[in-house]
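Notes follow once the structure below has been shown.
The values are calculated or read from the model by the stated rules, or taken from the named source; none is laboratory data. Source: prediction; values computed, not measured. Glycine gets a Cβ as well: all are built from the backbone with ideal geometry, and neighbour counts include every protein chain shown. These area figures cover heavy atoms from the full protein model, side chains too; ligands, DNA and RNA do not enter into them. Shrake-Rupley method; radii C 1.70, N 1.55, O 1.52, S 1.80 Å.
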Amino acid sequence: MTDAPKGLFVPPNRLAKIIDAPGARDFDVLVAQAEQQIDRVRPLVEEGLQQAIAHLIAQCSRPEDQVFSEAHAVALAAGHVVEDAAVVGQMHIAAAAAGVAELMNALFSDGVWHSEAIEVHIAALRLFKAPHPPTPEQIALVLRQLAEARAVIGVKPE
C-alpha cells in the first residue's frame, strides 16, 4: 500500500498482482490477440457500418420538421456510425458522424438548430462512401471545413 495521507483509503491494486503473476501474458500479446479478434469480425463491422451510414443518411434526408422531432434518434444513429467506423479505422467517417452528433447535442443543450449544417455533414458522409472517395488531403480539408462550420454556428466540440 502506498503512503497515503491519514484518513484516505487506498484500495489494494489487484490488477497489478494479476499482471505481475507468474505465467501472466504480456500486455503486447494481449493487444495483438485483441487486434486479431477485431480482424476476425471486421467484415461484419464494416457491413454494419454501411447499414448504419445508410440509416443515418435516411434519418437526416427527411423533411426538416421530422429530423428535428426525431433528433434523439438521429443522435443515436450518428453514435452508431461513430462507433463502427472507429472500430474499423475509418476515422474520417467517424469524424463526420460525430459532427452530426455534436449538432444534435447543441440542440439538446443550447437550442442551436441548423439544418443546413446537418445537410453538409450528410453530404460529407455520402462523399466519403462514394465509389471514388476523395484523397486523404481532400478528406482532411472537408473535415476541417465541417469543424469550422460547427464553430461558426456556436457548436462546441465534445
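Key figures for this structure:
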{"item": "Output for the range 105-158, where each listed residue is in contact with a Leu (Cβ under 6 Å, 6 or more places away or on another chain) and among the aromatic types (Phe, Trp, Tyr)", "result": "TRP113"}
{"item": "Spans of helices (runs of 4 or more DSSP H) in the range 58-158 with at least 2 residues in contact with a Lys or Arg (Cβ under 8 Å, 6 or more places away or on another chain)", "result": "91-110"}
{"item": "Condition met for ASP84 (farther than 16 Å from VAL155 by Cβ, of a type in the set (Asp, Glu) and open to solvent by less than 70 Å² (accessible area, probe 1.4 Å))", "result": "yes"}
{"item": "Matching residues in the range 116-158 - criterion: being under 19 Å from VAL81 (Cα atoms), crowded, with 16+ Cβ neighbours inside 10 Å, more than 17 Å from the chain's Cα centre (by Cα) and small (Gly, Ala, Ser)", "result": "ALA117"}
{"item": "Index of the failed condition, PRO5 passing every other in (1) open to solvent by 100 Å² or more (accessible area, probe 1.4 Å); (2) modelled with pLDDT under 70", "result": "(1)"}
